[in-house]
1. Might you check whether a residue that is surrounded by fewer than 23 Cβ atoms within 10 Å (Cβ to Cβ), farther than 26 Å from Gly232 by Cα and within 13 Å of the chain's Cα centre (by Cα) occurs anywhere in the range 163-170?
2. Which residues, counting only those in the range 7-29, are assigned to a helix (DSSP H, G or I) and touching a residue at least 12 places away in the same chain (Cβ under 8 Å)?
3. Test Ala13 against the criterion of being over 21 Å from Pro212 (Cβ atoms) and aliphatic (A, V, I, L, M), and give yes or no.
4. Determine which member of the set Asp78, Asp2 is more than 29 Å from Pro128 (Cβ to Cβ), surrounded by fewer than 15 Cβ atoms within 10 Å (Cβ to Cβ), at pLDDT 95 or above and among the acidic types (Asp, Glu).
5. Quick one: how many residues across the range 160-184 are part of a strand (DSSP E or B), aliphatic (A, V, I, L, M) and out of contact with any Lys or Arg (no Cβ under 6 Å at 6 or more places or on another chain)?
6. Suppose we filter the range 39-61 for residues that are free of Cβ contacts under 8 Å to residues at least 40 places away in the same chain, closer than 28 Å to Met130 by Cα and crowded, with 18+ Cβ neighbours inside 10 Å; how many remain?
7. Please indicate, with yes or no, whether at least one residue in the range 100-117 is assigned to a helix (DSSP H, G or I), touching a residue at least 60 places away in the same chain (Cβ under 8 Å) and either surrounded by 15 or more Cβ atoms within 10 Å (Cβ to Cβ) or basic (Lys, Arg) (or both).
8. Which residues, taken from the range 123-139, are assigned to a loop (DSSP other than H, G, I, E, B) and in contact (Cβ under 8 Å) with a residue 24 or more places away in the chain?
Amino acid sequence: MDESPTNPEVSVALVDYGLGNLRSATRGLERAGASVEITDDPDAFAAADGVVLPGVGAFREGMENAGPLREALTDHADAGRPLFGICLGMQMLLTTSEEADHEGEGEVTGLDLIPGTNVRFDVDRKVPHMGWNELRVRRDHPLVEGVDETGSKQADGPMGGSVDGEYAYFVHSYYAAPDDADAVVATADYGVDFPAVVANDAGNVFGTQFHPEKSGETGLRILRNFVEYCAGR
């Protein structure tokens, strides 16, 4: 497989707020062709072509740790620039989460860039949900288009070359429930049909509940799509 950079001029700021799998995310983004800076400096967000908000852990801790960066992240998004949340980072794009209430910690406010809440799985299955699940693309968005190993757009395949029908790796107990159903780009099933990819109306703020950096070729497609999207902004 060709791992040469597809867009080496694209710079990505990977947000370091103490709860992300930064090493794996960096490697994935670099394989996708980006130049990556791990940073907690808001000035670096402004200088980058795109910002990635990773995350593993609890919603409250994530928002508390990222609190000093809230204004910089929302300013970046409000300016129409790409902001990509991964796993907990995706959940932080929403308004609230049931997680804090479930833990007896009260309500915590997310970034509110995609209005909605995060809800706990209430199914007769093991929680956390951990493993590979099939993606079902529900609407068009640049993040879910298909690319081949050279970075070129696919001309065929499911949904005309999208990641529809491909598998991604999930680890989570909560899932996004956006206020607007149109915010759902792709879903997966775990006893309930839940959002696997979400995006705002403008399309520049988006997230994956799964970990693209751990999702093999499907994840690499997603990351390459992100890099290409940043290059075109």
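The values are calculated or read from the model by the stated rules, or taken from the named source; none is laboratory data. For clarity, every value in this text was computed on a predicted model and none was experimentally measured. Using ideal geometry, Cβ is built from the backbone for each residue, glycine included, and neighbour counts are taken over all protein chains shown.
1. Scanning the range 163-170 turns up at least one residue that is surrounded by fewer than 23 Cβ atoms within 10 Å (Cβ to Cβ), farther than 26 Å from Gly232 by Cα and within 13 Å of the chain's Cα centre (by Cα).
2. Answer for the range 7-29, where residues must be assigned to a helix (DSSP H, G or I) and touching a residue at least 12 places away in the same chain (Cβ under 8 Å): Leu22, Ser24, Ala25, Thr26, Arg27, Gly28, Leu29.
3. Here the answer is no, as Ala13 does not meet what is asked.
4. Asp78
5. The number of residues fulfilling the criteria is 4.
6. Counting residues in the range 39-61 that are free of Cβ contacts under 8 Å to residues at least 40 places away in the same chain, closer than 28 Å to Met130 by Cα and crowded, with 18+ Cβ neighbours inside 10 Å gives 2.
7. Among the residues of the range 100-117, not one is assigned to a helix (DSSP H, G or I), touching a residue at least 60 places away in the same chain (Cβ under 8 Å) and either surrounded by 15 or more Cβ atoms within 10 Å (Cβ to Cβ) or basic (Lys, Arg) (or both), which makes the answer no.
8. The answer is Val123, Asp124, Arg125, Val127, Pro128, Leu135, Arg138, Arg139.
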